[in-house]
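See below for the structure under consideration.
The values are calculated or read from the model by the stated rules, or taken from the named source; none is laboratory data. Every value quoted in this text rests on a predicted model; they were computed, and no experiment measured them. Neighbour counts are summed over all protein chains in view; Cβ atoms, including those assigned to glycine, are modelled from backbone coordinates with ideal geometry. Each accessible area value is taken on the protein alone, full model and side chains, heavy atoms only, with ligands, DNA and RNA left out. Shrake-Rupley method; radii C 1.70, N 1.55, O 1.52, S 1.80 Å.
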Amino acid sequence: MILDLLGSFGAMLQPVPLGLILIGVFSGVVIGAIPGLNGAVLVALSLPLTFGWEPLNGIALLVGQYVGVISGGLISATLLNIPGNASSMMTTLDASPMARKGRPDRALQLGIIASVIGGLFSWLALVFLSPPLATLALKFGPHEYFALVLVALMLISSLSDGSMVKALIGAALGMVAAFPGIDTITAQPRLTLGFSQMNAGFDLLAVLLGVFAVTQLLADSASGAAAGDRVRLTAKMTWIKTRDITSQGLNLFRSSLIGTWIGILPGVGGSVGGIVSYVTAKNFSKTPEKYGTGCDDGVVASEAANSATVGGALIPMITMGIPGSIIDVILIAALTIHNIRPGPLLFENEPQIVYGFMSVLFIANILMLVIMLAGIRWFAKLIDVPSNYLVPVLLLLCVVGAYAVNNRVFDVWVMFAFGLVGLLFRAWKIPIAPFVIGFILTPIAESNFRTALIVSENNLVDFVTRPVTALFLAISVAILFLPLLRRKMKPDF
Amino acid sequence: MGGRPISARTQDILFVVVSLSIAGIVYWSADQIPPSLLAKISAGLVPKLVAVAMAGLALLYLFMQFGQSLRDPTGLALNADETLIGGDHSLGLNRPVVKTSLLLGLYILVIQLDIAPFWLSSLAFVFASILALSVINARGILIAAALAAVSVSLTIVIFTQLFTVVLP
C-alpha cells in the first residue's frame, strides 16, 4: 500500500495535476472567502470542465476546490465577522473578536495552521482507517444518529455565559425556523401558513446570510466609515511562534478527531463538526469564559474540525460510495461520468483512483497552507475598503447569492427578514450561535427520531437498550447540566 | 447618535411577549396538521413540543427577571451578567441602520415586482446606499456612481457567465 501511495504522489506531483490542484485550491479559497458564494456551486460548475480529462486530473481540480472552499471561509469570518460558509460559522465567534483587538494576522495564521493539521489528520484516517471506519459508521442507525445530534443540540447550553434561558429560547427559535416546509416523513405541509413558497422551508444559505452577513452589514452601516471598524492588516505581520501551536496540541488532536468522525457520518456536515468541536473545547477548557472574546482555542477548535471533515467525508465516499456531504455527491458524479464506481471494489478495480484521492488530499492541504499564508495580505486588500463603500457592495453580493440558490426572490426576502431578526437578537442580547445550531440540527434530529420510532414500532425503550444510543443520551444529559454545575462550583457563588 | 433607548425592563417584556406569541402561533399551526397513520409521530408533534418548551422558557425568564427586580428594585443588576457570545454590542435603531434597511427592502421589492431591469435596480441600490452612508458632495457622488457601476457589472458578469446563474 505504501508503495502504491508513493507512486500516486509521484503521479500527482507532475506539472499538470499539480497545477490543477493549485488552481482548485486557489479558486476554492477565493470563493469560500466571499459571503454569498457557494462552494458546492463552484465544484458543480467545474465538473463539466473535467468531462474530457483523465479522471485523476478531474479529481485533482475538484478535491483541491473542496479543500479550498472549506478553509476559505476563515478569511471573511476573521476580517468581516461574516462566515464565508456554514463550516466557518463557529470560527467567527473568536476569530473576529481577535481581529478587532488588533490581531487579525494571528487569527488567520492560527486558523490556517489548524485547518492544515485537521486536514492532514483526516488524511491519515483516510489512508490507514478507511475500511473499518466506514464499516463502523454504517452500523449507526437512526437511533444512534438522533442521539449523536442530540448531544450537539445540548451543547447549546454551553454557548452563553450569561442568560442560559435566553440561549435556550434562541435555540428554540432556531428550531421553529427549521420546521416550515413539507414534512419529510408524512409529506404534509407544516407551518407553511398557506404560502406555497414555504413548502421548501427556509433555505440554509439564505438564513445564514441573513443572521450573519446582513445583520453584520447593517450593524456596520451604523458604525460608519470614520469609526475605522474595518479590520486592516498592518504592514508588518507578526508570525505566530511554534509554542502557540504546540500549546494547542490536545485541542488540535481532539478537534481533528471530532471533525474526522463527523465527516464520516453521511449527511451531518462540516458545520456540525465545527459546532461540536468548538463547544467541546469550551467545556473542557479551564477558562471557558474566554471563548467568544478572541480566544486561540476557539479558532483552532473550529478550523481543525471543519477541515478534518473533508477527509472524513471522503472515507464513506470512496469505500462505500456513500457521500458524506453535498460536494461528495458531486465527486461521485465526477467518478460516474468516467465510468468509475466508488465502493468496496474500487480498491481492487481502480486502486490508482483511491490512492489518487489520498495523494491529492495531502497535496491540497499543503498548497492551501502555502496559498493562504502567502496570500493573507492580498486577501485583506480585497476587503480593505471603508464601510460606507463595502456595506452596499456586500449587500448586493448577498442578495445575488441568496437569489442564486433557488432562483427565487422569496429566498432574498428570507435573508432580509433574518437579517432584521439578527439585529433584534443583538438588541435583546440573545446569542446567535444557539439559534443557528438549532436551525441546522433540528431537521436531522427530528427525522432520525421519527425514523427510529418507525423502525422500533413506536417503542421508546430501544433508545436506552441500544448501547451507543444510551451512551450518547447520557452524555447529552450530562452536557445539558454541565454549565449549571460549573457555575455552582465557581468560588464566587 | 442613536434612536431613543428602550429600558431593559421593557425590552425583556417585549422579548417575552414575542416569544410567547411565536410559541402560540407554532402550537396552533402544528395543531392544524391532521394526524397521520402513525399517530404517535405526527408531523405536528415535535413543533408542538418545541412550542411548549419555548413558552415555558419565556415564562421562566419573565419569572426570573421579576424575581430579580424584587431583589434589586433599582434595576441596575438587570441584564448586567449577560454577555453575548460572538457578538459585540447591543444595537439600537439609528438612522444609518434604518436607511440601509429601508433601501435594501425597497431594492428587493423592486426585484420582486420586476419594476426595473435587475442591473438598473442594483445600480440604484448600491449608489443610493453609498450616498446614504457617506457625506454627500460632488466627489462622493462620483465615487458612488463609479463604484456602483463597477460592482454591479462585475457581480452580473461573475454570476451569469462564470456561475451560469440566471439573475432576475
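FRET efficiency for the A:I366 to A:A11 pair, using the beta carbon distance and R₀ = 22 Å, is estimated at 0.85.
Each 5 Å bin, from zero up to the one with the longest distance, holds this percent of the alpha carbon pairs of the stretch A:390-433: 6, 22, 21, 21, 18, 10, 2. Note on the stretch A:66-129: Kirkwood hydrodynamic radius from all Cα pairs is 11.9 Å, rounded to one decimal.
Its residue count N fixes a reference of 2.2 N^0.38 Å for the stretch A:435-485, and the Cα radius of gyration divided by that reference is 1.32.
Calculated mean residue ellipticity at 222 nm for chain A: -23500 deg cm²/dmol, from DSSP H runs with n ≥ 4 weighted as -39500 (n - 2.57), summed, divided by the residue count and rounded to 500.
For A:D244, the accessible area of its heavy atoms, probed at 1.4 Å with every protein chain present, is near 30 square angstrom.
Across all C-alpha atoms in the stretch A:306-423, the radius of gyration and Dmax reach 20.0, 59 Å. Within the shell defined by Cβ-Cβ distances under 12 Å, the residues around B:D31 carry a net charge of +2, with Lys and Arg each +1 and Asp and Glu each -1.
May I ask for the net charge around A:A11, where only other residues with Cβ less than 15 Å from the Cβ of A:A11 are counted and Lys, Arg are +1 while Asp, Glu are -1?
On the way: positive: none; negative: A:D4, A:E54, A:E350.
Residues close to A:A11 contribute a combined charge of -3.
In the stretch B:92-142, the convex hull through the Cα atoms has an average projected area of 3.9 nm², a quarter of its surface area.
Please give the direction-averaged projected area of the C-alpha convex hull for the stretch A:1-135, in square nanometres with one decimal. Display every interim value, and only then the final one.
On the way: hull surface 37.3 nm².
Average projection, Cα convex hull of the stretch A:1-135: 9.3 nm².
Each label was represented as a point 7 Å from its Cα along the Cα-to-Cβ direction; for A:E457 and A:L373 these points are 6.1 nm apart.
What does the charge add up to near A:L209, with Lys and Arg as +1, Asp and Glu as -1, over the other residues with Cβ less than 11 Å from its Cβ? Kindly include the intermediate steps, with their values, before the conclusion.
On the way: positive: none; negative: A:D203, A:D411.
Here the count lands on -2.
Rolling a 1.4 Å probe across all protein chains gives A:L3 an accessible area of roughly 140 Å².
Dipole of the protein assembly as shown, Cα-centred, from +1 at each Lys and Arg C-beta and -1 at each Asp and Glu C-beta, to the nearest 20 debye?
On the way: 36 positive and 31 negative charges, 296 e Å.
Using Cβ point charges on Lys, Arg, Asp and Glu, the protein assembly as shown gives about 1420 debye.
Note on exposure: A:T246, A:T319 ranked by accessible area (1.4 Å probe, complete protein assembly) read A:T246, A:T319, with the most exposed listed first. Averaging over all projection directions, the Cα-based convex hull of the stretch A:351-480 occupies 15.3 nm² in the image plane. Taking 7 Å steps out from each Cα toward its Cβ at B:I141 and A:F51 produces label points 5.1 nm apart. Largest accessible area first, the residues A:E144, A:E54 order themselves as A:E54, A:E144 under a 1.4 Å probe with ligands, DNA and RNA left out. Along each principal axis, taking the top coordinate minus the bottom one, the Cα set of chain A gives 64, 60, 52 Å in descending order. Note on A:S221: accessible area is roughly 10 Å² with a 1.4 Å probe, heavy atoms of protein only.
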